[in-house]
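The structure under discussion is supplied below as structure tokens; questions concerning it will follow.
Since every read-out is calculated from the coordinates, none of them should be taken as a lab result. In this text the structure is predicted, and so the values were computed from the model without any measurement. Cβ placement follows ideal geometry from the backbone for every residue including glycine, while neighbour counts extend to all protein chains displayed.
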Amino acid sequence: MAKNGPTKAMSIRLDDEKMEELARVARVEGAPVSEVVRTAIRNYIDTRSSDPEFQRRVKKKLEEDIATFKRIAGRVDEAEAGE
């Protein structure tokens, strides 16, 4: 199960063929379907995280978020100064 604390439940929708394939993989691996899905998600995140283009996009989004939060913080500062 989770090695990093509590887990969150989620639902996904798969067509019958993909569900059968997923169940088959789980049976071959001798693991619950949920563990196969968690492993697939971990592998996907690890793969994306090591991709330079993905990293570039992450940094761009982070810069955009920082700029937005700075604008919001400025408005908060202005509102507090007017109190």
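What ranking, highest mean first, results for peptides 12-23, 30-41 when packing means the other Cβ atoms within 10 Å averaged over each residue?
Taking the mean over residues of other Cβ atoms within 10 Å, the ranking is 30-41, 12-23.
Quick one: angle between helix 33-49 and the longest Cα principal axis of the chain, in degrees between 0 and 90, rounded to 10, please.
Around 50 degrees separate the two axes.
With each run of n ≥ 4 DSSP H residues scored as -39500 (n - 2.57), what mean residue ellipticity at 222 nm is computed for the chain after dividing by its residue count and rounding to the nearest 500 deg cm²/dmol?
Mean residue ellipticity, 222 nm, calculated: -25500 deg cm²/dmol.
Next question. Name the residue farthest towards the positive end of the dipole of the chain from the options VAL58, MET19, ALA31, assuming +1 on Cβ of Lys and Arg, -1 on Cβ of Asp and Glu, about the Cα centre.
Of the candidates, ALA31 comes out farthest on the positive side.
To continue, here is another question. Around ARG57, what is the net charge, scoring Lys/Arg as +1 and Asp/Glu as -1 over all other residues with Cβ under 12 Å from its Cβ?
For residues surrounding ARG57, the net value is +1.
Please report, in cubic angstrom per residue, the volume enclosed by the convex hull of the alpha-carbon atoms of the chain.
Measuring per residue, one finds 182 Å³ for the Cα hull of the chain.
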